[in-house]
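All remarks here apply to the structure that follows.
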Amino acid sequence: NWPAGSLGFAVTAGRSVATDKSVFPRGGLVLVDAPFATPTGKVHRQHLVLDQDTGGAIRAPGRADLYFGLGPAAEKLAGHQHAEGKLYYLLLQRSRITYWRQQLEHTIHASHSHNTANTSLQP
């Protein structure tokens, strides 16, 4: 039994963040720039996470919770993770979404055409 996030999939320890979903988009790719709890103390890191955790108690734009996982070790790390940091949401402009959608459709079409051509040559 795994913890489900706001996208209906299992959340990933150290790579899932919970925010106020009335402010931030579900599934957003986020660069976290903050000190992180480790077994030996705090270390300043920058890494990518996915905004896919539910975080029902988070009701403000200035708060986020990082999911550390299950078990005693994760619980201990989470208990020491209180720090100020920055979140940077990586978003595409609408025009770039259209461009990348067209590129993906072209790639899928080309792949399908290539696979069809190859299968017709097989005995």
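The values are calculated or read from the model by the stated rules, or taken from the named source; none is laboratory data. This structure is a prediction, so every number in the text was calculated from the model and none was measured. Here the Cβ positions follow ideal geometry from the backbone for every residue, glycine too, while neighbour counts run over all protein chains shown. Just so you know, the surface numbers come from the protein's heavy atoms only, side chains and all, with ligands and any DNA or RNA stripped out. Shrake-Rupley method; radii C 1.70, N 1.55, O 1.52, S 1.80 Å.
Restricting to the range 1-14, give me the number of residues that are under 17 Å from Gly79 (Cα atoms) and open to solvent by 50 Å² or more (accessible area, probe 1.4 Å).
1
When you check Leu31 against the structure, is it within 16 Å of the chain's Cα centre (by Cα), more than 21 Å from Pro3 (Cα to Cα) and in a loop (DSSP other than H, G, I, E, B), yes or no?
Spelling it out, it is not the case that Leu31 is within 16 Å of the chain's Cα centre (by Cα), more than 21 Å from Pro3 (Cα to Cα) and in a loop (DSSP other than H, G, I, E, B).
Given (1) touching a residue at least 60 places away in the same chain (Cβ under 8 Å); (2) within 21 Å of Pro3 (Cα to Cα); (3) open to solvent by 70 Å² or more (accessible area, probe 1.4 Å), where does Leu48 come up short, assuming only one miss?
(1)
I'd like to verify a number: residues in the range 16-45 that are charged (D, E, K, R) and either over 23 Å from Lys76 (Cβ atoms) or surrounded by 15 or more Cβ atoms within 10 Å (Cβ to Cβ) (or both), how many?
Total meeting the criteria: 4.
How many of the residues making up the range 57-96 are in a helix (DSSP H, G or I) and either free of Cβ contacts under 8 Å to residues at least 12 places away in the same chain or over 24 Å from Gly8 (Cβ atoms) (or both)?
9
Out of curiosity, is Thr54 under 18 Å from Val11 (Cα atoms) and hydroxyl-bearing (Ser, Thr, Tyr)?
yes
Does Gly85 meet the test of being over 15 Å from the mean Cα position of the chain (by Cα), of a type in the set (Gly, Ala, Ser) and surrounded by 14 or more Cβ atoms within 10 Å (Cβ to Cβ)?
Working: over 15 Å from the mean Cα position of the chain (by Cα): yes; of a type in the set (Gly, Ala, Ser): yes; surrounded by 14 or more Cβ atoms within 10 Å (Cβ to Cβ): yes.
The answer is yes for Gly85.
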